[in-house]
Amino acid sequence: MEGQKHRHKHRHHSHGVQTMDFYAYQSGLRQWNGSYKVLSALLILILCIGLNDIWVSLTVIVTVGMLNVIGNRVPFRQYVELMKIPIAFLVLGCVAIAFGISTKPVGEYRIYLKWFYFYMTKADIWKAIELFFKALGAVGAMYFMALSTPVGELINVLRKAHVPKLIVELMNMIYRFIFILTDVQGRMKRSAVSRLGYIDFKTSCGSFGKIAGNLFILSLKKADTYYDAMISRGYDGEIRFLEEEKKVTFVQIAGMAAYLIALVLIWYIGR
Amino acid sequence: MTKHQKKLIVLSIAFAAAFGIVPQVNAMHIMEGYLPLGFCIGWGVICVPFLLSGFFSIQKKLKANRKNITLLAMAGAFVFVISSLKIPSVTGSCSHMTGTGLGAILFGPSAVSILGIIVLIFQAILLAHGGLTTLGANTFSMAIAGPFVSYGIFVLLKKLKVNRRVSVFLAAMLGDLFTYCVTSVQLALAYPSSEGGVAASAVKFLGIFAPTQLPLAIIEGFLTVIIMITLENYAQKELKDTKYLEEA
C-alpha cells in the first residue's frame with residue numbers, strides 16, 4: 001500500500017504512457033466483465049454522439065465523470081488533467097466552427113479586415129458550443145473504458161469479437177514492447193540530460209534524434225532476442241493467455257440499460 | 001469605446017485565448033466525439049481496402065519467416081514510443097512527432113497501415129490522443145495518406161538521385177503536411193461553413209491549425225533526418241536486414 005501511495009504521488013500530473021495504464025489496473029471496476037465494460041462504453045459513446053443533444057452531453061460528462069472518479073478510483077484532480085489532454089484540439093476546432101471568413105458582410109457579428117470579413121452567426125456559435133460538450137462527453141465515455149479495462153483484457157475482447165489472430169497477437173506484443181522501449185528511452189534521456197544533452201533547442205534536437213536512432217537499433221536487437229526466448233519456451237505461432245472468468249450480473253445489465261434509456265429519455269424530452 | 005471597438009477587443013481576446021492555451025500539440029489526431037457518426041463509419045470503410053492489403057502483406061512476410069513477428073511488433077512499439085515523446089520545441093508547448101513518415105521509410109507503407117491502426121488504438125486508450133469513433137478518420141490521415149506520400153516522395157527522390165538527407169527530410173515533412181491537410185479536409189467535410197461550404201471551411205481549419213502544425217512538420221523533418229543519420233552511422237547491418245520489410 002505504501003509503495004502504491006508513493007507511486008501514485010509520483011505519477012500525479014504526468015501524462016506519460018504509464019498514467020492511464022496504471023489507473024486501469026487499480027480500478028474498482030476491475031472485476032467487472034471486460035466485454036460488458038467495452039460494450040457499455042461504446043453504447044454510451046454512440047448515444048452521446050448520435051443523439052447530439054447538449055443535455056445528453058452534459059449528463060454524460062457528469063455521470064461518467066462520477067463513474068470514473070468513484071468507480072475507477074481516479075483522483076478528481078488527475079481526472080481533470082486527463083480531460084485537459086484533448087483541450088487544445090477542442091478549443092481550436094470549435095473556434096474554427098464558430099468563426100467564418102467571407103468577402104460579403106454576412107452573419108450576426110462581424111469585423112471587417114480590409115479584404116474579407118470575420119463573421120459569426122448565432123447558429124454557428126451554438127453548434128460550436130454543442131460540439132464542445134458532446135466531444136467532452138465522448139472523451140469521458142472513452143475514459144470509462146480505458147480507465148477500467150487493462151489493455152490485455154481489451155485485446156481479449158477483440159479476440160472474442162473475431163479480430164484476426166495475427167492482429168491480436170501483434171497487439172499483445174506491441175503493448176508489452178511499448179513499455180520496454182519507453183523504459184529504455186527514459187534511461188537514455190536521463191543520461192543525456194545529465195550530460196547537458198538538452199541544454200538548448202539545437203542540442204535537444206540532436207540528442208532526441210540520436211536517442212531515437214539508438215532506440216531503433218536496440219529494438220531490432222531485442223526483437224531478435226525475444227523471438228529466440230519465445231522459441232525456446234515452445235512458441236508455435238500462437239501465444240495463449242489465461243484469463244479470469246468474470247461473470248456479468250443481472251444488476252449490471254439492468255443498470256446499464258436503465259442508464260441508456262434515461263439518456264434517450266433526456267433527448268426525447270429536450271427535443 | 002464604440003460598439004465596433006468593443007467587438008474587436010472581444011474577438012481579439014478570443015483569438016489570443018485560443019492560441020494561448022495550447023498546452024499540448026498533438027499531430028492532428030481528431031479527438032473522440034468530434035466527428036458525427038456517419039463520418040466515423042464512412043472513413044472507416046474507406047480504410048478497409050488499405051488495411052486488407054496491409055494485412056495480406058504482413059501475412060506474406062510472416063509466412064516467409066515467422067521471425068518477422070517480433071520485428072513487426074517492435075516496429076509498431078517503436079513508432080508508438082517515438083510519437084509519445086515530447087519533442088524539443090521553441091515555444092515551450094509540448095508537442096509530438098507522428099513517426100509515421102519514419103516508419104514508412106523504414107518498413108514500407110503497407111506494413112505501416114496495420115501497425116498504424118494498432119498504434120492509434122493504443123494512443124487513444126493509453127495517451128488519450130485521438131479516439132475510438134474517430135479511429136477510421138485518423139487511420140486514413142495518419143496511417144494511410146501520410147505514410148503513402150512519405151514513401152512515394154522518398155522513392156521518387158531516390159530515383160532522381162537527390163541527396164539522401166534532403167529526400168528523408170522532404171519525405172517526413174511533406175508526409176506530415178499531407179496528414180494535416182487531409183485532416184483539415186476531413187473536418188471541413190463534417191463541418192462545412194454556413195457561407196462558402198466545404199472549401200471555405202477547409203481554409204478555416206487549415207488556417208487555425210497552421211501555427212501549430214507547420215513548425216511541427218519542419219521539426220519532424222529535421223528529427224527524422226537526425227535519426228536516419230544515426231542509423232546510417234551505427235546500424236548499416238540492421239538497415240539492410242529491414243530491407244525485406246520495405247517491399248510492399
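The values are calculated or read from the model by the stated rules, or taken from the named source; none is laboratory data. On a predicted model such as this, the values are computed, not experimentally measured, just so you know. Cβ placement follows ideal geometry from the backbone for every residue including glycine, while neighbour counts extend to all protein chains displayed.
Suppose the filter is closer than 25 Å to B:A172 by Cα, part of a helix (DSSP H, G or I), in contact (Cβ under 8 Å) with a residue 60 or more places away in the chain and at the interface with chain B (Cβ under 8 Å from one of its Cβ atoms); does A:I178 pass it? Judged against the criteria, A:I178 is a match. Residues in region A:125-152 that are surrounded by fewer than 21 Cβ atoms within 10 Å (Cβ to Cβ) and charged (D, E, K, R): A:K127, A:E130. For A:I85, the conditions (1) modelled with pLDDT under 90; (2) closer than 23 Å to B:G197 by Cβ; (3) touching a helix residue (DSSP H, G or I) at 6+ places or on another chain (Cβ under 9 Å) are fulfilled apart from (2).
Within region A:147-172, the set of residues being without any contact (Cβ under 8 Å) to a residue 40 or more places away in the chain and facing chain B (nearest Cβ under 8 Å) comprises A:P164, A:L166, A:I167, A:L170, A:M171.
Filtered by the rule that a residue be of a type outside the set (F, W, Y) and facing chain A (nearest Cβ under 7 Å), region B:221-235 gives B:L223, B:I226, B:I227, B:T230, B:L231, B:A235.
Taking A:V184, is it buried (at least 17 other Cβ atoms within 10 Å of the Cβ), in a helix (DSSP H, G or I) and more than 7 Å from chain B (Cβ to nearest Cβ)? Here the answer is yes, as A:V184 does meet what is asked.
Filtering region B:124-182 down to residues that are among the polar types (S, T, N, Q), over 16 Å from the mean Cα position of the chain (by Cα) and outside any helix (DSSP H, G or I), which residue is modelled with the lowest pLDDT? Per the stated criteria, the residue is B:N163.
A:V106 falls short on exactly one of the conditions (1) out of contact with any Lys or Arg (no Cβ under 6 Å at 6 or more places or on another chain); (2) more than 7 Å from chain B (Cβ to nearest Cβ); (3) assigned to a loop (DSSP other than H, G, I, E, B), and that condition is (2).
Residue by residue through region A:189-219, note down the ones that are farther than 18 Å from B:N233 by Cα, within 27 Å of the chain's Cα centre (by Cα) and within 11 Å of chain B (Cβ to nearest Cβ).
The answer is A:K189, and nothing else.
So that you can scan it fast, the table gives a plain yes or no per residue for (1) in contact with a Phe, Trp or Tyr (Cβ under 6 Å, 6 or more places away or on another chain); (2) more than 7 Å from chain A (Cβ to nearest Cβ); (3) under 30 Å from A:L43 (Cβ atoms):
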position: B:K67; (1), (2), (3): yes, no, no
position: B:L72; (1), (2), (3): no, no, no
position: B:A77; (1), (2), (3): yes, no, no
position: B:G116; (1), (2), (3): no, yes, yes
position: B:V119; (1), (2), (3): yes, yes, yes
position: B:L132; (1), (2), (3): no, no, yes
position: B:S141; (1), (2), (3): no, yes, yes
position: B:F148; (1), (2), (3): no, yes, no
position: B:N163; (1), (2), (3): no, yes, no
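Would you call A:V74 away from chain B (no Cβ under 12 Å), farther than 28 Å from B:F39 by Cα and surrounded by 21 or more Cβ atoms within 10 Å (Cβ to Cβ)? Yes: the conditions hold for A:V74. Mind checking whether some residue in region B:8-24 is surrounded by 20 or more Cβ atoms within 10 Å (Cβ to Cβ), out of contact with any helix residue (DSSP H, G or I) (no Cβ under 6 Å at 6 or more places or on another chain), modelled with pLDDT under 90 and assigned to a helix (DSSP H, G or I)? Taking every residue of region B:8-24 in turn, none turns out to be surrounded by 20 or more Cβ atoms within 10 Å (Cβ to Cβ), out of contact with any helix residue (DSSP H, G or I) (no Cβ under 6 Å at 6 or more places or on another chain), modelled with pLDDT under 90 and assigned to a helix (DSSP H, G or I).
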